[in-house]
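Q: First, the structure itself, so that you have it in front of you.
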Amino acid sequence: MTTPLVSCADLAVSLSSSAPPTLLDVRWRLGGLPGRDDYDRGHLPGAVFLDLDTDLAAPPGPGGRHPLPSPAELERVLRAAGVRDGHPVVAYDADNGSIAARLWWLLRWAGHDRVRVLDGGFAAWQAEGRPVTTGVPVPDEGDVTVRPGQLPVVDADGAAGLARTGLLLDARAPERYRGDVEPIDPEAGHVPGAVNAPFSAHTGPDGRWRTPEELAAHFAGLGVLGDQPVGAYCGSGVTATSVLLALEVAGVTDRAALYAGSWSNWSADPDRPVATGDAPG
């Protein structure tokens, strides 16, 4: 695959082929109604729903609000959803790909490379007048084998090191990065040395992803240059994967590290320093 994104038109063609991709709906929102309610009201034909909180993360705890699932549990979830070794997967969320990127990253981390994110998500599919159903498929059991560690992950110490010697990108909204507000985690601010890189910058007004050239220029403006080590974090390790996806779409790097615990892990440790304001600190 040349890009980790797939258009609605291309997905529609592949879904009508003799070997359609495994289609996974991962719609989720921070607060409000659960994503399963959205799925039940209508989803892409053949899509299986996976819940971010229970299927794509371990229970919250010292590791953060959305720790990585255990390899065994992830394998169980993926097989139940029909994921097969060597067979393509397409993930979609409501619109901007920031949640679908979590599944994209998990599959890559687990050694399954044939995975894409639907550009524009469910909103784009619906806007184009493409078919939607309320029928719930019963997938055949998959045979995927989870081989963890195929993408780099860092802990809090590793994130601090990246902020000092490489580039650590903070995917949260500017007001949370600055420490103006913190609606969820114990303390407001950011990891000292981290640069704000809001995930909202990856998509245009129509909800579709910006071109590789636009994203490459965006990251160059943030200081992503050359072969320097790069990592990303967010509130709980979910939208940070959107930054990693965007880096790959831009052709910048496919080896950036995820700080999986993210701010929910960092801010829970009173011994960790906290920076505020617009500057990295």
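The values are calculated or read from the model by the stated rules, or taken from the named source; none is laboratory data. None of the values given here were measured: they were computed from a predicted structure. All Cβ positions, even for glycine, are placed from backbone atoms using ideal geometry, and neighbour counts span all protein chains on display.
Q: So which of VAL48, VAL26 is at pLDDT 95 or above, closer than 22 Å to VAL138 by Cβ, crowded, with 21+ Cβ neighbours inside 10 Å and not assigned by TED's automatic domain parsing to the domain that holds GLU187?
A: On the way: VAL48 fails: crowded, with 21+ Cβ neighbours inside 10 Å.
Step by step, each of VAL48, VAL26 is checked, and only VAL26 is at pLDDT 95 or above, closer than 22 Å to VAL138 by Cβ, crowded, with 21+ Cβ neighbours inside 10 Å and not assigned by TED's automatic domain parsing to the domain that holds GLU187.
Q: In segment 254-267, which residues are at pLDDT 95 or above and over 14 Å from ASP157 (Cα atoms)? Quick ask: steps written out before the conclusion?
A: As a first pass, look at segment 254-267 and keep what is at pLDDT 95 or above: 256-267.
Result: ALA256, SER264.
Q: Something else now. Being closer than 22 Å to VAL238 by Cβ, of a type outside the set (Asp, Glu), touching a strand residue (DSSP E or B) at 6+ places or on another chain (Cβ under 8 Å) and surrounded by 16 or more Cβ atoms within 10 Å (Cβ to Cβ) is true for just one of ALA100, ALA57, ALA123, ALA110. Which residue is that? Lay out the reasoning, then the answer.
A: On the way: ALA57 fails: touching a strand residue (DSSP E or B) at 6+ places or on another chain (Cβ under 8 Å); ALA123 fails: touching a strand residue (DSSP E or B) at 6+ places or on another chain (Cβ under 8 Å); ALA110 fails: touching a strand residue (DSSP E or B) at 6+ places or on another chain (Cβ under 8 Å).
Testing whether each residue is closer than 22 Å to VAL238 by Cβ, of a type outside the set (Asp, Glu), touching a strand residue (DSSP E or B) at 6+ places or on another chain (Cβ under 8 Å) and surrounded by 16 or more Cβ atoms within 10 Å (Cβ to Cβ) leaves just ALA100.
Q: Would you check if there is a residue in segment 145-156 being more than 30 Å from LEU78 (Cα to Cα), of a type in the set (Ser, Thr, Tyr) and outside the structural domain of ALA47 (by TED's automatic domain parsing)? Working first, answer last.
A: Quick first cut of segment 145-156, residues more than 30 Å from LEU78 (Cα to Cα) only: none.
No: segment 145-156 contains no residue that is more than 30 Å from LEU78 (Cα to Cα), of a type in the set (Ser, Thr, Tyr) and outside the structural domain of ALA47 (by TED's automatic domain parsing).
Q: List the pairs whose first member sits in segment 92-109 and is without any contact (Cβ under 8 Å) to a residue 60 or more places away in the chain, whose second member is surrounded by fewer than 24 Cβ atoms within 10 Å (Cβ to Cβ) and of a type in the set (Lys, Arg), and whose Cβ atoms are under 8 Å apart, counting only residues at least 6 apart or on separate chains?
A: Partner pairs satisfying both residue conditions: none exist.
Q: Moving on to the next point. Quick check on this structure: which one of GLY161, GLY193 is assigned by TED's automatic domain parsing to the domain that holds HIS218, assigned to a helix (DSSP H, G or I) and either surrounded by fewer than 22 Cβ atoms within 10 Å (Cβ to Cβ) or in contact with a Ser or Thr (Cβ under 8 Å, 6 or more places away or on another chain) (or both)? Spell out the reasoning first.
A: Details: GLY193 fails: assigned to a helix (DSSP H, G or I).
Among GLY161, GLY193, only GLY161 is assigned by TED's automatic domain parsing to the domain that holds HIS218, assigned to a helix (DSSP H, G or I) and either surrounded by fewer than 22 Cβ atoms within 10 Å (Cβ to Cβ) or in contact with a Ser or Thr (Cβ under 8 Å, 6 or more places away or on another chain) (or both).
Q: Further question on the same structure: Can you tell me which residues in segment 1-17 are out of contact with any helix residue (DSSP H, G or I) (no Cβ under 7 Å at 6 or more places or on another chain) and modelled with pLDDT of 95 or more? Spell out the reasoning first.
A: Let us first name the residues in segment 1-17 that are out of contact with any helix residue (DSSP H, G or I) (no Cβ under 7 Å at 6 or more places or on another chain), namely 1-2, 6-7, 9-17.
VAL6, SER7, ALA9, ASP10, LEU11, ALA12, VAL13, SER14, LEU15, SER16, SER17, listed by residue number.
Q: So which residues in segment 217-238 are under 14 Å from ALA194 (Cβ atoms) and either buried (at least 24 other Cβ atoms within 10 Å of the Cβ) or hydrophobic (A, V, I, L, M, F, W, C) (or both)?
A: LEU222, VAL224, VAL230, GLY231, ALA232, TYR233, CYS234, GLY235
Q: Considering only residues of segment 79-89 that are within 23 Å of ARG255 (Cβ to Cβ) and touching a residue at least 60 places away in the same chain (Cβ under 8 Å), which is surrounded by the fewest Cβ atoms within 10 Å (Cβ to Cβ)?
A: Residues of segment 79-89 that are within 23 Å of ARG255 (Cβ to Cβ), as a first pass: 85-86, 88-89.
Within this subset, residues satisfying the condition of being touching a residue at least 60 places away in the same chain (Cβ under 8 Å) are 85, 88-89.
On the way: ASP85: 11, PRO88: 19, VAL89: 24.
Top of the filtered list is ASP85.
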